[in-house]
Structures are given as structure tokens and as C-alpha cells.
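As C-alpha cells, the structure follows; a few thoughts come after it.
Please treat every number below as a calculation from the coordinates, not as lab data. As the structure is a computational prediction, the values presented were derived from the model and not from experiment. Glycine also receives a Cβ, built like all others from the backbone with ideal geometry; neighbour counts cover every protein chain displayed.
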Amino acid sequence: MLTSLELDPQKLPRHVAIIMDGNGRWAQSRGLMRLMGHKAGVDTVIRTVRAADEIGISVLTLYAFSSENWKRPASEVSGLMTLLKSYLESELASMLENNIRLRCIGRMDKLPREVRETLQASIEKTSINTGLVLNLALSYGSRDEVVGAVKEIAELCVAGKLPVEQITEETISAHLYTAGLPDPDLIVRTGGEFRLSNFLLWQASYAEILVTEVHWPDFTREDFISAIATFQTRQRRFGRTGDQVSDKT
Ligand code: FPP
């Protein structure tokens, strides 16, 4: 059995982002309602946060609800919102105890008021924590995020506060929801599909991507450690040749 002791502490990804897919299929294959898959998925969220914290990951981003997920049946959307609120309520004490800082990326303004208020309160209460950053992507869409950044930057230009020629990659990054966070080093997608689904498109430029067939509710601590172990075998070249990277020239 793989344990975190087998990971190289010098080569840990700073930021792991996860597309938590397969809840519906997990439930349907057991003859259960899709929402039962999401409910089981909450338990996986809890154990993955715990594992990330213990391993020493700095940022864990979880794609919990996309801007496109609003198109799902109303009963599934409201069920997910209820699960999210109860997760936030039940896990706040653990976040405080474990020095976890909660953040959110996405259109928080679109969330139902009671979810938004609970989320906002948890973000504020954990804001002085200095350990793992738990970053929930909620009503999140990467293209929408980029459009928002472009609008903010354009407004600064129009107001004469930012010369166009001074716009850099850092300018764009600083206007995304993820401002101040490192880009993801590793993106894990459960459920076996090979796509990014409008997730962190700008930030994923140099991320290592790992797809596992395991459905999110079945994703174990060992699967998480195994994903990090695979990441540690990858050679990250950032455009250089393999020889340059291994020579460190
Ligand atoms: C995708 O599976 C999953 C979601 C759209 C929701 C993810 C939500 C949770 C794991 C629980 C709530 C989150 C938190 C942070 C408490 P899918 O339904 O698309 O699965 P399928 O592809 O098998 O249909």
C-alpha cells in the first residue's frame, strides 16, 4: 500500500487542482439517485482535504460546481447547494483546528443567499490561517473569469491608469480569481474523461494532467498519493529540452 512516506518531500506539487467527476455514474451504477453520488462525493472531499493537508500541499483547488452546472435539473442543483452548505457548516471547526484557509473562485454572487453567506463567513473566519489553502471553484467558468479580467484591465487602460504596452502575463494573472495563488502543478480528473471542462484554462498552461478512471466517490487517500507519485515521475520541461532539464543548464 502506497503511503505519503514514499513521496519525495522536495518534489511535492505546490498546487493540486481536481476535477471531481463521476458522482452521477457512481450512483447510477448502484441504482441510486445521482444526488447520492454527490453525497458520497462530499466524504471524498473531506478525506482528500485531510490528505492534502497531511502531505503538505499548499493549495488544493476543487471544481465543485461549474458555471455550466446551473443547466442541470433544478432538484440536482438545489441538492448540491444543500450539500455544499452543510459541508461548510460541518467542516468549519476542522478547518480552524487544522489551520486551513478557505477561498472561493467563481461567481459567488450567483449562489443562493444562504450558501453565499455561509461561504463568506467561513472564508472570513479562516482568513488568518496559514496552512493549506482550500480553494473551492463554485459557479466557476474559466472563460468567464478571463472575460472579467479583460474588462478590469480595459477599464484601467481607459481610465489612463495602465498603459497598454505595460500589460503582461502577470497583469492578466493578477486579475483572475486565482490572483496571488501559484498556478496548478497537477490537475487530476476522476471519472475517466479527457477534457478540462472550462477549468483554469489560463492557469493550466504548464500543469501536469492526470486522468483516472476512478469515480470521485471511490477516490481514496491512496489514489491521491498515487497521483502525486506519478506527478513526481514526470519531467517538467517548461519548453526546454529533456537534456537541458536533466543537466539543469
Ligand atoms: C461531477 O460529477 C461532479 C459535480 C458536478 C459536483 C461535485 C460536487 C461534490 C463532489 C460534492 C459537493 C462539493 C463540496 C466541495 C462539498 P457528475 O455528476 O458530472 O458525474 P457523471 O459525469 O458521472 O454524471
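Using the Kirkwood formula on the Cα atoms of region 4-152, what hydrodynamic radius do you get, in angstrom to one decimal? It would help to have the intermediate numbers written out before the result.
Working: mean 1/r = 0.0613 Å⁻¹.
Answer for region 4-152: a Kirkwood hydrodynamic radius of 16.3 Å.
For region 168-224, report the translational diffusion coefficient in µm²/s to the nearest whole number, using Stokes-Einstein at 25 °C, 0.890 mPa s, and a Kirkwood Rh over Cα pairs.
Values: Rh = 12.8 Å.
Once the numbers are plugged in, D ends up at 191 µm²/s.
Name the residue, out of LYS11, LYS161, LYS125, whose mean-square fluctuation peaks in a Gaussian network model built on the chain with Cα pairs under 10 Å.
Highest fluctuation of the listed residues: LYS161.
Among rounded, prolate and oblate, which fits region 83-184 when a ≥ b ≥ c are the square roots of the eigenvalues of its C-alpha gyration tensor, a/c under 1.5 means rounded, and a/b larger than b/c means prolate? Present the calculation step by step, with values, prior to reporting the outcome.
Working: a/c = 2.85, a/b = 1.94, b/c = 1.47.
It is prolate, given that a/c is not under 1.5 and a/b is the larger ratio.
With a 10 Å radius around each residue's Cβ, average the other Cβ atoms per peptide and rank 185-195, 131-141, highest first. Intermediate results must be reported in sequence, preceding the final value.
Numbers: 185-195: 18.7, 131-141: 22.9.
Result, highest mean Cβ count within 10 Å first: 131-141, 185-195.
In terms of Cα to Cα distance under 23 Å, which lysines are near enough to LYS125, apart from those fewer than 8 places away along the same chain?
Straight-distance partners of LYS125: LYS85, LYS110.
Counting only Cα atoms, I'd like the Rg/Rh figure for region 84-133, Kirkwood definition for Rh. Spell out each step's value before the answer.
Values: Rg = 10.5 Å, Rh = 11.0 Å.
Result: Rg/Rh = 0.96.
Taking 10 °C and 1.306 mPa s as the conditions, I'd like the Stokes-Einstein D for the chain in µm²/s, using the Kirkwood hydrodynamic radius from alpha carbon pairs. All intermediate terms of the calculation are to be shown ahead of the outcome.
Numbers: Rh = 19.2 Å.
It diffuses with D of about 83 µm²/s by this estimate.
Mind checking which lysines have their C-alpha under 19 Å from LYS11, skipping anything on the same chain fewer than 8 residues away?
Here the lysines satisfying the reach criterion relative to LYS11 are LYS248.
Return the Rg/Rh ratio of region 140-249 with Cα-based radii and a Kirkwood Rh.
Working: Rg = 17.8 Å, Rh = 16.6 Å.
Reported Rg/Rh, Kirkwood definition of Rh: 1.08.
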